[in-house]
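What follows draws every value from the coordinates through simple rules; no lab data is involved. None of the values given here were measured: they were computed from a predicted structure. Backbone-built Cβ (ideal geometry, glycine too); neighbour counts: all protein chains shown.
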Amino acid sequence: MDDLLIIDNDYNRLLNGCKKIVERINNLDLEINEKTQIFDIKRGFSFLGYTYKIKNNKLIINVNNQTMRRIRKHLKRVNYNRNSLISYKGFFQRTTNYNKIKNEYNYKS
């Protein structure tokens, strides 16, 4: 596992935690890549193909645009292969707009 997400409402605690993680990883002769950042969840961020955002005190989870383009391209190439659809259904179920996507690809619930 090399992807990590830490959520906290205290920016300074996140900053200090990030510094400690970087130090620990550097001690193992490893490096943190340039994508490492601290985000304000109200502004939104992407992680593992999803985009997360808080809107009206509610967490909104969508498939990010780049991932959606990749999935559509793949599905066209495999002509909506049943196994591919089942696999993507599991991925899409975590999103807030699952019903819209379900209708687009004719999933059975």
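Quick notes on this one:
- Cβ-derived FRET efficiency at R0 41 Å, Asn65 paired with Lys20, nearest 0.05: 0.75
- Restriction of the trypsin sites (Lys or Arg not before Pro) in segment 28-91 to DSSP coil positions whose beta-carbon has at most 16 other beta-carbons within 10 angstrom yields Lys35, Lys42, Arg43.
- Binned Cα-Cα distance frequencies in the chain - 10 Å width, integer %: 12, 34, 27, 20, 7, 0
- The fewest-to-most ranking of Thr36, Thr51, Thr67 by surrounding Cβ atoms within 10 Å reads Thr36, Thr67, Thr51.
- Relative contact order %, the chain, counting alpha carbon pairs below 8 Å whose residues are six or more apart: 14
- For segment 1-81, the Cβ-based charge dipole about the Cα centre amounts to some 780 debye (Lys, Arg positive; Asp, Glu negative; other atoms uncharged).
- The fewest-to-most ranking of Phe47, Phe92 by surrounding Cβ atoms within 10 Å reads Phe47, Phe92.
- Each label point was placed 7 Å from the Cα along the Cα-to-Cβ direction; for Asn12 and Lys35 their separation is 3.1 nm.
- When you filter the GluC sites (Glu not before Pro) in segment 1-103 for DSSP loop state and at most 15 other Cβ atoms inside 10 Å of their Cβ, you are left with Glu31, Glu34.
- When the chain is described by a simple charge dipole with +1 on each Lys and Arg Cβ and -1 on each Asp and Glu Cβ, the residue from Leu75, Asn9, Gly90 located farthest towards its positive end is Leu75.
- For the chain, built as a Gaussian network whose Cα springs stay under 10 Å, the top-fluctuating residue of Gln37, Gln66, Gln93: Gln37
- Ranking of Val78, Val63, Val22 by neighbouring Cβ atoms within 10 Å, starting from the fewest: Val78, Val22, Val63.
- The sum of -39500 (n - 2.57) across all DSSP H runs of n ≥ 4, divided by the residue count of the chain, sets its helix-only mean residue ellipticity at 222 nm to -13500 deg cm²/dmol.
- Helices of the chain meeting both criteria, an alpha-carbon length of 27 angstrom or more along the long axis and an average Kyte-Doolittle score not below -1.0, with helices taken as full DSSP H segments, do not occur.
- Over 30 Å between alpha carbons, listed pairs Lys20/Lys73; Lys55/Lys76; Lys58/Lys100; Lys19/Lys42; Lys19/Lys100: Lys20/Lys73; Lys55/Lys76; Lys19/Lys100
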